[in-house]
Amino acid sequence: MTRIILTCAAVFLAGCGMMGTAPTEKPVDLSLQTRAISSQALFGAPRAFAPERSNAQIAEDILELGFRLESGREIPQFSRFDGPVTLSLHGPVPPLGVIETDRLITRLQREAGLDIRRVEGQGQIVVEFVPRAALRRAVPNAACFVLPNITSWDEFRANPRAPELDWTRVVRRDRALVIVPADSTVQDMRDCLHEEIAQAIGPLNDLFRIGETVWNDDNFQTVLTGFDMLVLRVWNDPALQPGMTRAEVGERLPALLARHNPSGATSRVDLDKIPTPMEWTRAIEAALGATSRRVSFREAQRALAIALDQRWQDERLAFSLFLSARFAPPEDGAQALDAMILAAGIYNIRPGTAVHRAHVHLHLTAQALAGGQHDLVLQLTDSAMTVARRTENGALLASLMLLRAQSLEHLGQRAKAEELRRDSVPFALYGFGSEQAADNRREEIATLARRN
């Protein structure tokens, strides 16, 4: 129900090459948003990847997403808004806040078939923009979140432990409050709008084992996917009614999925159904939330040990390998590279993980650049840039473009390199939030090349 904060910004493997995609956690100058470009202008018409999982697997996913909270508490009954839904924006709405919200609403109408619209005044769902400093004082580890039965930040602050804020007690959703940072990058704001509004009208849990959804705290998926739109369509189908039990919903899901996703009847690679132990989740969260690279690596190693002990072969093992590689100390560079390659191999065969592979390719590209393997840089960035653009990740796309430009320059193609750097600017401003942050990423990449 919350989008967690990733405090890690940029880390390096063996002194060269493991990079993050968020160079700064500093407050964003909102005046820069007036010079940023909207998602529609940058990426064009949405082109979400279609769901790749079998309907049998998606039915299990919906039940686990819908009848359990991230804390592990069970939700005893199905809940949702009943009928058309209105949504309104409040607080210091950023310059692109309305545009990004309207684009999301249009997608929900077209792709999920939802009857939802934005209104002036007060909607059933209130999206309130709050300064990040105030948000983090109240909820330190949350980048954004959604709550039931209230419609203002002041209501929440007056009684943050009020019993009516307990999602497990909700049967029919009448009101919901979505809290989004007012002074973040356009990409962070957009990401929060997508995940939290989707949870206000859909299931509430996040699952690390499902790669093709924004309801996953690995944060690889940043906008609603084809899987997410299918789940929202099914969740809001009239065949399901508020108050139903998990068993009652489970009985109806096969027919609903057969109707809404006929291609899902064909065979897919299904995920291992082993539950995720809380100790693994806590280790992952500790690795992502730590301010010390040493602590992050220790916790990532702990998560990896649990994943191996569980004999997972899915996204949970891949993410454990990815974080172990990303936070590895310089002296463990060779082992970290092996771990990243193993993660790539798993993501290559998991459904809906194209963007995960693109993130792995970002790190492998940085390693290749530092090693002077410029042909490999061009090969890796070619496919990853296509995926980053399609999944609307400006920070990832800008980083890949800058890495590619560095190798093009080394290969004597200076004009192409400079053109690519110019083209990366709007994506960098969208994803990083400031020209200084974008310049820092460019210098970081140039430093990698100079080390070779």
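Throughout, read-outs are computed from the coordinates displayed, never taken from laboratory work. Predicted model, so just to flag it, every value in this text is computed and none were measured. A quick note on method: Cβ atoms are made from the backbone with ideal geometry, for glycine too, and the neighbour counts reach across all protein chains shown.
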Next on the checklist: Can you show me the helix-derived [θ] at 222 nm for the chain, built from DSSP H runs with n ≥ 4 at -39,500 (n - 2.57) apiece and divided by the number of residues, rounded to the nearest 500.
Outcome noted: -16500 deg cm²/dmol
Checklist entry - Using 0.36 nm per residue, how much length does the chain from V171 to N141 gain when fully extended, once their Cα-Cα distance is taken away? => result 8.1 nm
Item to check | Cα-based helix-to-principal-axis angle, 374-390 vs the chain, degrees rounded to 10 | outcome: 20
Checklist entry - Roughly what % of DSSP beta bridges within the chain run antiparallel, to the nearest 5? => result 35
Item to check | Segments 370-380, 298-308, 401-411 sorted - mean Cβ within 10 Å per residue, highest first | outcome: 401-411, 298-308, 370-380
Checklist entry - Counting only residues 5 or more places away or on other chains, whose amide H sits under 5 Å from the amide H of R80 once H atoms are built in the peptide plane? => result R173
Checklist entry - What angle, in degrees between 0 and 90 and rounded to the nearest 10, separates the Cα long axis of helix 354-370 from the longest principal axis of the Cα atoms of the chain? => result 20
Next on the checklist: For region 51-262, what does the relative contact order come out to in percent, with C-alpha contacts under 8 Å and a separation of six or more?
Outcome noted: 29
Checklist outcome for this item: The answer for trypsin sites (Lys or Arg not before Pro) in region 94-192 that fall in a DSSP coil and have at most 15 neighbouring Cβ atoms within 10 Å is R161
Checklist entry - What FRET efficiency would be calculated for the residue pair D382, N159, taking the C-beta separation as r and a Förster radius of 30 Å, to the nearest 0.05? => result 0.05
Item to check | Note, ³J(HN,Hα) from phi for region 103-120, Karplus 6.51, -1.76, 1.60, rounded to Hz, x at Gly and Pro | outcome: 5, 5, 4, 4, 5, 4, 5, 7, 8, 10, x, 8, 8, 9, 8, 8, 10, 7
Checklist entry - If you add up the charges near S79, with Lys and Arg at +1 and Asp and Glu at -1, over every other residue whose beta carbon is less than 11 angstrom from its beta carbon, what do you get? => result +2
Checklist entry - Given +1 on the Cβ of Lys and Arg, -1 on the Cβ of Asp and Glu, and no further charges, what dipole in debye does region 218-313 carry about its Cα centre, rounded to the nearest 20? => result 220
Item to check | 3J(HN,Hα) from dihedral phi, region 87-94, Karplus parametrisation 6.51/-1.76/1.60, rounded to Hz, x for glycine, proline | outcome: 9, 9, 10, 9, x, x, 5, x
Checklist entry - Tell me, what is the percent relative contact order of region 300-441, built from C-alpha pairs under 8 Å that lie six or more residues apart? => result 15
Item to check | Area projected by the alpha carbon convex hull of region 51-262, averaged over all directions, nm² | outcome: 10.7
Checklist entry - How do 211-220, 248-257, 419-428 rank on mean C-beta neighbours within 10 Å, highest first? => result 211-220, 419-428, 248-257
Checklist outcome for this item: Nearest 10, in degrees from 0 to 90: the angle of helix 186-201 to the longest Cα principal axis of the chain is 30
